[in-house]
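What follows is calculated from the coordinates using simple rules that are stated; it is not laboratory data. Quick caveat, the model's predicted, so the values are computed rather than measured. Cβ placement follows ideal geometry from the backbone for every residue including glycine, while neighbour counts extend to all protein chains displayed.
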Amino acid sequence: MSAATSWAAWRIRGPEQLAVTLGVFLAGFFLLPNGKALNNVYYLLVFTPALFLLRLSDWRWLATSHLWKVAMLLLFYLTMSGLWSSAANIGDWLHEAKALPYITVYLAVLACICVRRRAGWECVVRVFVLAAVVGTLVSVTLFYRTVSWPARLEYYGAVYNPNEAATLVGGCLILVLFQILPTAHGAWRQAVWLAAALVLMIGIVLTGSRSPLAATMVCVGLGLALMRKWRLLGLAAVVLGLTISILLASGYDYREALARGDSYRTAIWRQCAARIAERPWLGEGILTDDSTQVGSKVNRGLSLSMAHPHNVYLATTLYGGLPALAILITLVILALRQGIAVAHRGEPAWLLMLIVGLLCMLTDGDRLLHAPRGIWFYFWMPVGVLVAGEAQAAALARRVQRELGP
């Protein structure tokens with residue numbers, strides 16, 4: 001075989017093999033420590049597959065998706081908002097602007113892998129889910145060696161926020177139940193994935209994060225309804241009812257479970273809304289200091305600093321004003337519409353995973369434009385998959401129209 005032929009064959013196989021690097025990228029959130037070095041590794045894991053997968057025609061193909069165009073508009077607008085942030089300089093803005101090409105390439109690679117390397121993409125999903133299972137087990141082992149059981153699990157590695165961890169694991173649970181398990185052949189494989197689902201569910205419960213738990217349970221019920229698994233849905237409802245009844249009968253005080261309160265969220269949201277009212281049209285820019293000061297409920301004279309608005313929709317409006325919120329709402333509507341279309345074809349996982357993210361974004365999170373964080377997976381990953389589906393459907397429609405003629 002000549003060198004040219006060998007190179008051509010390697011280039012054909014290369015994208016299929018490099019699809020797995022995206023899975024490694026996803027797995028890093030559960031298994032690798034946080035830090036600048038990790039971000040550099042993530043940059044390589046995003047841009048290296050792009051060298052083998054992306055062509056000029058792919059960008060034209062992506063541009064046929066309305067969801068893609070709205071997503072790019074939102075990211076571009078948020079990037080430009082840094083220019084009108086108070087006390088921001090060009091160096092700060094350039095540092096923040098790096099996230100724009102980063103997420104753009106990530107979404108493009110994701111969409112291309114979904115369509116052109118289906119087997120590789122299925123491998124990516126499994127790698128991510130298995131990493132979440134291993135990360136959950138490692139986290140439980142390490143965390144509870146030194147911390148009492150009522151404490152909230154904060155996961156090992158780059159995932160250090162209980163809410164973010166629970167949202168990520170909730171998305172993984174959806175993928176297991178509605179993407180992986182239905183296609184698993186053989187009793188032993190199904191048993192393995194059911195065990196994985198059980199581990200992930202326990203992981204969500206141990207974080208003590210109520211919004212991700214509620215969002216996941218709602219989406220599991222919705223998924224069973226979409227798949228017309230009425231018996232399983234009824235069984236799940238019965239199990240949930242029995243669990244609640246047993247807890248109440250055993251003297252479990254649900255009021256104590258709710259005594260954690262709103263984690264100061266209502267106070268944070270009021271302050272955020274007041275700042276939005278002062279600059280409703282352009283917002284404060286993405287480089288603004290989005291932290292807030294709230295009074296402690298325990299020590300009346302103590303002021304607590306909260307790092308971000310704890311609501312992605314409010315945060316987006318704070319950074320880019322009402323136009324940014326309008327673009328985000330348009331993006332959500334288009335994504336849900338495409339997700340429903342995909343669900344009607346028997347693949348509800350990405351619609352459900354998107355809904356989990358959208359619900360959890362009501363009570364946690366801040367920036368959509370950022371270096372690798374959990375929101376890349378529970379929001380941008382389903383968006384990227386749905387972009388691929390929409391662009392593929394548009395390409396198929398054009399092909400059929402050409403074949404039928406004028």
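Tabulated results
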{"item": "Net lengthening on full extension, Ala191/Ala394 (0.36 nm per residue, minus Cα-Cα)", "result": "69.3 nm"}
{"item": "Which of Val220, Val115 has the fewest Cβ neighbours within 10 Å, and the rest in rising order", "result": "Val115, Val220"}
{"item": "Paramagnetic reach from Val134 in the range 197-229 [backbone N under 17 Å; point 7 Å along Cα→Cβ]", "result": "197, 199-200"}
{"item": "Neighbour cut-off at most 15 other Cβ (10 Å), DSSP loop, trypsin sites (Lys or Arg not before Pro), the range 263-335", "result": "Lys297, Arg300"}
{"item": "Sequence of Glu284, Glu164, Glu122 once ranked by neighbouring C-beta atoms within 10 Å, starting from the fewest", "result": "Glu122, Glu284, Glu164"}
{"item": "Residues Leu56 and Leu404, FRET efficiency given R0 of 30 Å [Cβ-Cβ distance, rounded to 0.05]", "result": "0.60"}
{"item": "Gain on full stretching of the segment that runs from Ala277 to Arg118 - 0.36 nm per residue minus C-alpha separation", "result": "52.6 nm"}
{"item": "Rounded if a/c under 1.5, otherwise prolate or oblate - the range 42-196, Cα gyration tensor axes", "result": "oblate"}
{"item": "Extended-chain gain in nm, criterion 0.36 nm per residue less alpha-carbon gap, Arg228 and Leu362", "result": "45.4 nm"}
{"item": "Fewest-first sequence of Thr216, Thr266, Thr167 by Cβ atoms within 10 Å of each Cβ", "result": "Thr266, Thr216, Thr167"}
